[in-house]
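Written out below as structure tokens is the structure these notes cover.
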Amino acid sequence: MKVCVVGLGYIGLPTACILALNGHNVVGIDINESVVDMINKGLVPINENKLDSTLKTLISQNKIIAKTTAESADAYIICVPTPLDDNFSCNMHYVSNAMESILPCVCPGNMIIIESTVPPGTIKNIIKPAIENRGFNIGEDIYLAYCPERVLPGNIFNEIVYNDRIIGGVTDKCEKVVSTFYKTFVKGNIFITDSKTAEMTKIAENIYRDVNIALANQLSILCNELEINSLKVFNLANKHPRVNFLSPGPGVGGHCLPVDPYFVLKDKNDSSSIIVLSRKINENMPNYIASLAKKIINYIPSPKVTLWGVAYKGNIDDTRNSPSIQIINKLKELNCDFQVYDPVVKNCCIETKEESLKDSNLLIILTDHDEFKSLDPKLVLRTMRNPIILDSKNILDSISFMLNGIIVYNFGNFHLLN
Ligand SMILES: NC(=O)c1ccc[n+]([C@@H]2O[C@H](COP(=O)([O-])OP(=O)(O)OC[C@H]3O[C@@H](n4cnc5c(N)ncnc54)[C@H](O)[C@@H]3O)[C@@H](O)[C@H]2O)c1
């Protein structure tokens, strides 16, 4: 089957590769010419496990090609961004443009699938009429469905194949045709529903995670006020068979959790909404971490701070809405001298961890990259002026660092800074 994947970013490019690996003839479409050029040379514009080697092989075998304009195909999969607009609603500009670009190529018998996260009702109220305006009948000559993506960045290749998927079709025939197509590359279960339920399910999943992270963050702050180790509390509480606290941290980043909850909020300031409150708690976490850093460096003349991690998540290079950026901006306001190091995000900062730690008074860990988890205490003692670490991801074994004479603050003992 010939498939056009529209939008070759974190979701579209791995999806295009998986389709090609499963025998489909894939044309990737992106409006960004430099992305298209890179892909056709077998170079990846983003860092994702296995993407580099897979793309190189597929390009060399002519199983995938990237272009800037759409062409005729059997199926179109839309994976373009859906960020927030100035009013905290979903900015549909990219999806509408992507639809406009494919519609002149669409023929009877084609599938159109939206994987971009969109507000409930989008498929029926916006996408379906746009297709019908071209004279097509949905379910008779065009098969339209919403198929949300729920992959974990860093493990996308595995999760695209093995995760369970939801297919929200517009008619029974749309559901049947699209699910038959997804079964050619998905090994997880496929659950079928209507498009509006599928749209809401995707957003509900992200709200669930955002609210539960906010709960862990708020309880941690409360524990610190009460001089209780919140990490021990979560660890013990999670021994309960029906309790599963997530981890507290410096905030929530990425394209999904900080964005998607707003798609279903009528009033982004509604103080009675747990969704709004959770967003506010998570949005305030970078300030909380910056205020703790301020307490540590307050007594140090001309302090030098090292920040580890710009990506919003461990072992990936995605910096969108990263709490680290907010914390960096807060440190700029404090006029303190700082160095940033991230081994996964290319060309962003200082080259080596040794260099980043040299003469530093405070190391702040903001991302749980594997390289940070294996930090050698000897390196800290050899390079830093003051061996003090603020571990906002709770990834270091604080006891063994303390035994080496290194002070480690994390969510378990921030109360020591009160
Ligand atoms: N990144 C994730 O982990 C994730 C997970 C689940 C769902 N999603 C959703 O998937 C969608 C895509 O997210 P992403 O992270 O892959 O975005 P991205 O920004 O990484 O990639 C989007 C790509 O689309 C291209 N593009 C924009 N408009 C276009 C157009 N009209 N025609 C062709 N290409 C166009 C951009 O140039 C870019 O390369 C979003 O709705 C997002 O919410 C993302």
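Each residue of the stretch 182-193 is assigned a 3J(HN,Hα), and the resulting list reads 4, 5, 6, 9, 9, 9, x, 6, 10, 10, 9, 8 Hz, derived from the Karplus form 6.51 cos²θ - 1.76 cosθ + 1.60 (θ = phi - 60°), x at Gly and Pro. Per residue, the accessible area of the stretch 191-296 comes to 50 Å², computed with a 1.4 Å probe over protein heavy atoms only. How large a share of the accessible area of the stretch 60-191, in percent, is made up of carbon and sulfur atoms when the probe is 1.4 Å and the other protein chains stay in place? With neighbouring chains kept in place, the figure for the stretch 60-191 is 47 percent.
Taking each residue as 0.36 nm, the span from K50 to K183 lengthens on full extension beyond its C-alpha to C-alpha distance by 45.7 nm. 3J(HN,Hα) along the stretch 375-380: 4, 8, x, 4, 5, 4 Hz, from the Karplus curve 6.51 cos²θ - 1.76 cosθ + 1.60 with θ = phi - 60°, whole Hz, x for Gly and Pro.
Near the amide H of M111, within less than 5 Å, lie the amide hydrogens of A75, Y76, Y143, all on another chain or at least 5 residues away, with H placed in the peptide plane. Straightening the chain between S273 and L403 buys 42.3 nm, computed as 0.36 nm per residue apart minus the Cα-Cα spacing.
Amide H to amide H distances under 5 Å link T171 with L144, where only residues 5 or more positions off or on other chains count and H is placed in the peptide plane.
For the stretch 72-126, the per residue solvent-accessible surface stands at 38 Å², with DNA, RNA and ligands left out and a 1.4 Å probe. Converting the Cα gyration tensor eigenvalues of the chain into ellipsoid dimensions via √(5λ) gives semi-axes, longest first, of 43, 24, 18 Å.
Please compute, over every Cα-Cα pair in the stretch 175-283, the percentage with a separation greater than 20 angstrom. Let's see the in-between values first.
On the way: 3230 of 5886 pairs.
Above the 20 Å cut-off, the stretch 175-283 has 55 percent of its Cα pairs.
Summarising the amide proton neighbourhood of L390: residues at separation of 5 or more, or on other chains, whose placed amide H is nearer than 5 Å comprise L363, I364, I365, Y409. Length available on full extension from S291 to K41: 0.36 nm per residue minus the Cα-Cα distance, which gives 85.4 nm.
Computed from backbone phi with θ = phi - 60° and the Karplus coefficients 6.51, -1.76 and 1.60, the 3J(HN,Hα) list for the stretch 114-121 is 9, 9, 4, 6, 9, x, x, x Hz; x is used for glycine and proline.
Could you check how much of the accessible area of the stretch 206-417 is carbon and sulfur, as a whole percent, using a 1.4 Å probe? Looking at the stretch 206-417 in its full context, I get 51 percent from C and S.
The values are calculated or read from the model by the stated rules, or taken from the named source; none is laboratory data. None of the values given here were measured: they were computed from a predicted structure. In case anyone asks, the SASA skips ligands and DNA or RNA and just uses the protein heavy atoms, side chains included. Shrake-Rupley method; radii C 1.70, N 1.55, O 1.52, S 1.80 Å.
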